[in-house]
Amino acid sequence: MYTFADLEVRISSAEKEMEEIKSENAGKERQINKYDGILLNPDQPKVAFSLGLTNAGRLGPYNTDITLRFSKIFKNYGQAYNPDTGVFTAPVRGAYYFRFTFCEINNAHWMGIHLYHNSKIIMTNYDRSNTYYETMSNGVILELERGDVVYMVLQAPYTVYDDHRNYSTFTGFLLFQL
């Protein structure tokens, strides 16, 4: 059993501890607000796309390089990817992340893909299907100016494969504005 004096001491101690916790929480809240301003900036445009290539099966081989038009739009926030042209156009200057995966079936075919930034090849990937299903993937962060374009090109005379299972995909999004 506690005396009145004991209870007063315990209450006083609990009040001091609560003030310390409030002070710590206020500091953490300032930190969270700082990061929210960076990560969850409501003024930053929402730019992100995720695409599947086609349900048609094999594309290629062609006699010339072709820009791939990804016809299956999973998401296209900001409408920066144009499915009619196959081209992503940066709506703002910033750091963007792009990734792709391509598939080929049947060991008689090679895949050959370029990722372009404007008219410059940024990445080239080749792979031959040595098993029934072969995939290749890559990703990159690019600094883009407003109006810069990014697109995927199937090289002549190579092939890629996609169907309803979405083996061949292209994704990109704005990391942050510069």
Of all the stretches in the chain, which is the longest one without any exposed loop site, taking chymotrypsin sites (Phe, Trp or Tyr not before Pro) in a DSSP loop (any state but H, G, I, E, B) with at most 14 other Cβ atoms within 10 Å?
63-131
State, as an integer percentage, the relative contact order of the chain based on alpha-carbon contacts under 8 Å between residues 6 or more apart.
30
Express the accessible area of the stretch 105-170 per residue in Å², computed with a 1.4 Å probe while the remaining protein chains stay in the model.
50
Which angle between 0 and 90 degrees, to the nearest 10, do you get for helix 4-39 versus the longest principal axis of the chain when only C-alpha atoms count?
20
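The values are calculated or read from the model by the stated rules, or taken from the named source; none is laboratory data. Keep in mind the model is a prediction, meaning the values are calculated, not measured. In this analysis, Cβ positions are derived from the backbone assuming ideal geometry, glycine residues included, and neighbour counts consider all displayed protein chains. All accessible areas refer to the heavy atoms of the entire protein, side chains included, with ligands and DNA or RNA removed. Shrake-Rupley method; radii C 1.70, N 1.55, O 1.52, S 1.80 Å.
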